[in-house]
Each structure stands twice: as C-alpha cells, then as structure tokens.
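Enquirer: Let me begin by handing over the structure; questions about it come next.
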Amino acid sequence: MNKLKILNDPIYGFITIPNSLVFDIIQHKYFQRLRRITQMGMSYLVYPGAHHTRFHHAIGCIYLMQKAVNVLRYKGVTISKEEEDALYIAIVLHDIGHGPFSHAMEHSIVNGVSHEQISLLFMERLNEEFNGSLTLAIKIFKGEYQRSFMCQLISGQLDIDRADYLKRDSFYTGVAEGNVNSERLITMLNVVDDELVVEEKGIYSVEKFIIARRFMYWQVYLHKTGLVAEQLMMRVLSRAKELTSKGWDLEASKALKYFLKNDISIENFTDKTLDIFNDLDDYDIISAMKSWKNSDDFVLQKLCEMIIDRVLLKIKIKNKPIKAKDLEKQRSKVIDDYGITAQEAAYFVFTGNIFNQAYQTKKQNINILYKSGKIQDIVKATDHLNLKALSKPVTKYYICYPK
C-alpha cells in the first residue's frame, strides 16, 4: 500500500506524508480523534469561519517541519534519518492530548491534568504499539534531547507549532493582521552550537511574527466574547460534575459520564481512562448541552441555553482588578432576579484575569545571527522600539454577569 499520501491543505497546498510510520500514526484512532476537536474552542461564536480542527493544524505542522529539516540540512546542519523521523512524529503528536473545545476540559472535569501530560500518555502508548519507534520523538517532546535546537523546533518562542497556528488561525478567522510568513521565517533559520538562531536578514520577519502574535492574542484568542463563551463552557461542565456527584443522572455519552462520575487526576489516569478520553470530543459536549438545555436544574439549563442560543453574559475588561463591592453588587442582583442561592449565583457572576506577553524573555530567546558571527537577542538586535514593550507582560481583569 502506498503510504506516501498527499493531502491538500488550504494554507500550503499539497502536503506529502514523509514516511510510512507517520502515515500509520495519522491513521491511528488516537490521531483521527483530532478531526473532532476544534482548534480554536468557542472562537467560532465570534469568527464564524473558525471551525478548523486540531487535525488540520497537526498536518500543517508536518509540512513546516519538513521545510525546516530541508533548510537546516542545506545549511550544513547534520540531522540523521532517525532524528528527522523523530521530529516529524513529535510535531504531529504535540497536540494529541487536547480535549473537547481544546482548553475547556482541563479546567473543569479533570483535576489539574494538562493537555501536554495527556499528549505524553498517548505518545507512550503509541510507542508500545509501534515497538519503541517513538522513543526519540518522546525525548525531543519532553525537551530532554541533547541537541536543544530540535526541542526548540517543537516548543520554543519561534517553534513550528506557533508558525502554523498563527497563519492558520488568521486565515480561518479572516484576521489578516495575524498572517505571518511562516515559510520565510523557516528559510531564515540556522543552528549555532546546537541552538536555533535566525539569520540577520530574517529580522523583519521575526518582528512581524512577534507583533502578529500579540495582535492575535488580544484580537482573537482573548477576544471578550470568546472568553465569556469558554468560561461558560467550563462552568457547564463543572455544574454537570457537581450535580452528578449529588446523584443526578444527567443524559450524556458513555465517555462524558465517566469523566463526570470520576475524579480524574494524573495519578489515576490509567490506560482505560486514556481509551475513554479518546472517545470524548466536541460532539459529546454539544450533544450533552442540547439535552441539558431542558434540565430541571436551573443553573445547568440556563448556562447551556446561553451557549447554544448564543445569549452570553456581559463582560467588562479593565486595567485594574475588579473591586469586591462591584462583584457583590452584581451577585446580589442575580440572586434577586433568578431567585437562586449565592453559591449558584457564582456560576453567572465571576471575575478573572487575562495575560498577554508576545515575547517571553525568561524563556529561550529568539537569537539573531549576524554575518560577523555575533549572536544577539531580537529585542537588542531590532530597531523596532515596540519589541521591548512587547516583552513586558500585560494583565487585564474582567467581570462577567447577566445582561
């Protein structure tokens, strides 16, 4: 069977699957689940086109990684066949642990289990099935391989993941300001002392990349409507879990019921749990919410109605923390209007904060390589005054309450 298949991608055109092992991983049921996981969570309630999936993103990452390997080899960087295959596997599987609607589940029905931890569990299980052929990929994914530029390509300030999702998300949302020239950026990459660097002539592409990232976070990923919708989704799942623990038998798929009934943390995330998690996707959650919209529990019914009918909470974003008296005032109003308890009112009136730092100087830097051989951090290398400002964290505070 020919496993060097070609896929047609709306961003890059034709993408070739590099080898039969990557093909077999893509064909695996664990990876196919990503077709049913939205890349951008609830953002489609703001940007109607944002319905692309984690599957799209992972395939795009393979294309960019192939380009990166070819570029670096052309510049004399030694990458063995084993390392090349490991890079493809690590990048295609980097998001395999995402749950329904991407991040909503991590903060509601599992107990402090991140998608990265679940990705690692999937990779370790696949490694058993594929007779240890993912061992090096797992090492690179965990950042434990001695050639650190390979780890940086998977997870870093200028990694393949970001190079794809910024371009892809800007395409599907129609937000042109987020469009980065990923292929030019990759063409400018090089390696010095096993660390990733960008050649001097790529400096403007890097500036554009950091500015596009800042823009996409404020305009898209942290858009106030998307933020409210995701917070409501987390509260729907939390309320469903709370009611289940009190003995309610809520209508839900078998997989969703399992996570509602059991307290799952990383310590008890067994092989059985992983298989049940693999059966859980966006459709389980949407289907459950459509059913719970008619629940006898006012809180669950109202929260589901808000998401399904897109009648969301009002949100106000401020530069300073929300005052306790403002929160209390809105909670009292909801208690009176809905005739519910203070504990129930907390589902409808809450505060939080959002954080944006386009370039994180404490993480691995984006280093510029000059023709002279000198290496300098992008903030020092650029004449773009904004980049220094963009490396400072910005926190904003919000309050949500019924309209």
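The values are calculated or read from the model by the stated rules, or taken from the named source; none is laboratory data. Source: prediction; values computed, not measured. Cβ placement follows ideal geometry from the backbone for every residue including glycine, while neighbour counts extend to all protein chains displayed. Note: areas computed on protein heavy atoms with side chains; ligands, DNA, RNA excluded. Shrake-Rupley method; radii C 1.70, N 1.55, O 1.52, S 1.80 Å.
Enquirer: Number of Lys-Lys pairs in the range 297-379 under 20 Å by Cα, sequence gap 8 or more or different chains?
Expert: Close lysine pairs under the 20 Å cut-off: 13.
Enquirer: Same structure again: Report, to the nearest 10°, how far helix 54-74 tilts away from the longest principal axis of the Cα atoms in the chain, using its own Cα long axis and a range of 0 to 90°.
Expert: 20 degrees
Enquirer: Follow-up. Taking percent of Cα pairs over 41 Å apart as the quantity of interest, determine which of (1) 19; (2) 29; (3) 11 was computed from the displayed structure.
Expert: (1)
Enquirer: Related question: Pop out the carbon and sulfur fraction of the accessible area of the range 305-403 as a percent, whole number, probe 1.4 Å.
Expert: Its accessible area is 51 percent carbon and sulfur atoms.
Enquirer: Next up: What are the ³J(HN,Hα) values, in whole Hz, obtained from phi via the Karplus relation 6.51 cos²θ - 1.76 cosθ + 1.60 with θ = phi - 60°, for each residue of the range 391-403 in sequence order, with x given for Gly and Pro?
Expert: Calculated HN-Hα couplings, in order: 8, 8, x, 10, 10, 10, 10, 9, 10, 10, 7, x, 5 Hz.
Enquirer: Ignoring the sites themselves, what is the longest stretch of the chain with no GluC sites (Glu not before Pro) in a DSSP loop and at most 13 other beta-carbon atoms within 10 Å?
Expert: 252-403
Enquirer: With Cβ to Cβ distances under 12 Å as the rule, what net charge do the other residues near residue 309 carry (K, R +1; D, E -1)?
Expert: Net charge around residue 309: +3.
Enquirer: HN-Hα J couplings of the range 290-307 from phi, Karplus 6.51/-1.76/1.60, θ = phi - 60°, integer Hz, Gly and Pro as x?
Expert: Whole-Hz 3J(HN,Hα) from phi for the range 290-307: 4, 6, 5, 4, 10, 5, 6, 8, 4, 4, 4, 4, 5, 4, 5, 4, 4, 6.
Enquirer: Of the beta bridges DSSP finds with both residues in the chain, what % are antiparallel, to the nearest 5?
Expert: Around 95 percent antiparallel, to the nearest 5.
Enquirer: OK, next. Which loop trypsin sites (Lys or Arg not before Pro) in the range 278-358, with loop taken from DSSP, have no more than 16 other Cβ atoms within 10 angstrom of their Cβ?
Expert: Those that pass, being in a loop and sparsely packed, are 310, 323.
Enquirer: Please list, by residue number, every one of the trypsin sites (Lys or Arg not before Pro) in the range 38-143 that is coil in DSSP and has at most 14 other beta-carbon atoms within 10 Å.
Expert: 75
Enquirer: To continue, here is another question. So what is the relative contact order for the range 80-212, in percent, with contacts set as C-alpha pairs under 8 Å and at least six apart?
Expert: It comes to 18 percent, rounded to a whole number.
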